[in-house]
Amino acid sequence: SGFVIEYSSSDYIVTNFHVVDGVVKPTVTFWNGDAYPAKVVGSDAYSDIAVITIQASQNDLYPVEFAPSSSLVVGQPVVAIGNPFGLSGSVTFGIVSQLGRTIQYQSSGGGFSIADVIQFSAPINPGNSGGPLLNDSGMVVGITTAVASGSQGVGFAIPSDTILRELPSLISNGGYNKHPYLGFQGDDMNYQLSQVVGANVSYGVLIEKTAPGGPADKAHLRGGQQIATIDGQQYIIGGDVIVSINGSRIVNYDALSTYLERYTLPGQTIRVGIIRSGTYLEVQVTLGGY
């Protein structure tokens, strides 16, 4: 699925990266059956966005309008439009279930996280990918990207703010390389984990290991040294616990990823608040990028 947008007086189609990934000769078919050859002008796997250009009749091109995803609230009604199982033009209805999620994306080259994602309850299925998520005024607030495997009514969408932020680079440069990078592996803190590690906080992100030579490693943030199993899950304990960035409270990994994606850029120096051996410290970290 996909939808038409207007940018700099030209028409484009926005869809997911995974929809066009590996496609040799893409085509676009409109609701009335008109079809045209297409070309991918830009894509970003790390936000699952692709932009396509076509030479189509103006009668087929109805650009959407965007609304800021930053204005969304949990419980707000949303509508998803797409082609589930090839059933063209299907419409489903739901609500915004949560904001600022981080989802894992698996590809042939490995896995990575997509930050700051909208969770919604409108049913979606294979074939919905790339379709618009609309608010109750018919404006696009996101692009549907995935459904949780085996779930009912747990879908995810890339927010419109991310699309609009990346659009100029995708069209002009063919890609986007301004995702910030801290460079560590970690896990959400919880009460049981805080009791085992002797931390005085039950929120934040436990650093289990840092990437050698990465931003966290260069700033001397510390990973753990011991293995602990809590409620059947294995952790590497003894490392720093991230509890804030630039003074903003970091509750969990979703909050950390969302803050970085929304408010920071590669090369920027941020203040990372950590708990180390029961003491609060602030460490200056210069972010990497990808």
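The values are calculated or read from the model by the stated rules, or taken from the named source; none is laboratory data. Just so we're clear, the structure is a prediction, and the values are computed from it rather than from any experiment. Glycine gets a Cβ as well: all are built from the backbone with ideal geometry, and neighbour counts include every protein chain shown. Side chains are part of the model used for accessible areas, which takes the heavy atoms of the whole protein and leaves out ligands, DNA and RNA. Shrake-Rupley method; radii C 1.70, N 1.55, O 1.52, S 1.80 Å.
Listing for the model above:
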| read-out | value |
| --- | --- |
| Rounded to the nearest 10 Å², the accessible area of Ser149 at probe 1.4 Å | 120 Å² |
| Most to least accessible of Ser90, Ser244 (protein chains only, probe 1.4 Å) | Ser90, Ser244 |
| With DNA, RNA and ligands ignored, accessible area of Val91 (1.4 Å probe; Å², nearest 10) | 90 Å² |
| Under 17 Å from the Val64 label point (7 Å along Cα→beta-carbon), backbone N, segment 159-194 | 159-168 |
| Alpha-carbon gyration tensor eigenvalues x 5, square-rooted, for segment 156-216, Å | 35, 16, 7 |
| Rg/Rg_globular for segment 53-98, with Rg_globular taken as 2.2 N^0.38 Å and Rg from C-alpha atoms | 1.53 |
| Estimated FRET transfer efficiency when R0 is 22 angstrom, pair Thr27-Leu87 (beta carbons, to 0.05) | 0.70 |
| Where the Cα pairs of segment 134-250 fall when distances are cut into 10 Å bins, in % | 11, 27, 28, 26, 9, 0 |
| Volume in Å³ per residue [convex hull over Cα atoms, computed for the chain] | 144 Å³ |
| Kirkwood Rh (inverse of mean 1/r, distinct Cα pairs), segment 51-156, angstrom | 14.7 Å |
| Within a Gaussian network of the chain (alpha carbon springs, distance under 10 Å), most fluctuating of Arg262, Arg222, Arg165 | Arg165 |
| Ranked order, Thr29, Thr144 - accessible area, probe 1.4 Å, largest first | Thr29, Thr144 |
| Extension reserve of the Val41-Ser149 stretch, reckoned as 0.36 nm per residue once the Cα distance is removed | 35.8 nm |
| Helical contribution to [θ] at 222 nm, DSSP H n ≥ 4, -39,500 (n - 2.57), averaged over the chain, rounded to 500 | -3500 deg cm²/dmol |
| Angle between the chain longest axis and helix 253-263 axis [Cα atoms, degrees, rounded to 10] | 60 degrees |
| Label point 7 Å beyond Cα of Ser10 along Cβ direction - residues of segment 30-70 with amide nitrogen under 13 Å | 39-42, 51-56 |
| Accessible surface of segment 113-239, 1.4 Å probe, proportion on carbon and sulfur as whole % | 45 percent |
| Net +/- balance of residues flanking Thr162 in space, Cβ distance below 13 Å, scoring K and R +1, D and E -1 | -2 |
| Estimated distance in nm for a label pair at Gln98 and Gln268, the labels positioned 7 Å out from Cα along Cα-to-Cβ | 2.4 nm |
| Å² of accessible area per residue within the chain, as computed with a 1.4 Å probe and no ligands counted | 48 Å² |
| Translational diffusion of segment 12-71, µm² s⁻¹ [Kirkwood Rh, Cα pairs; Stokes-Einstein; 4 °C; 1.567 mPa s] | 102 µm²/s |
| For segment 29-113: Kirkwood Rh in Å [reciprocal of mean 1/r, alpha carbons] | 16.3 Å |
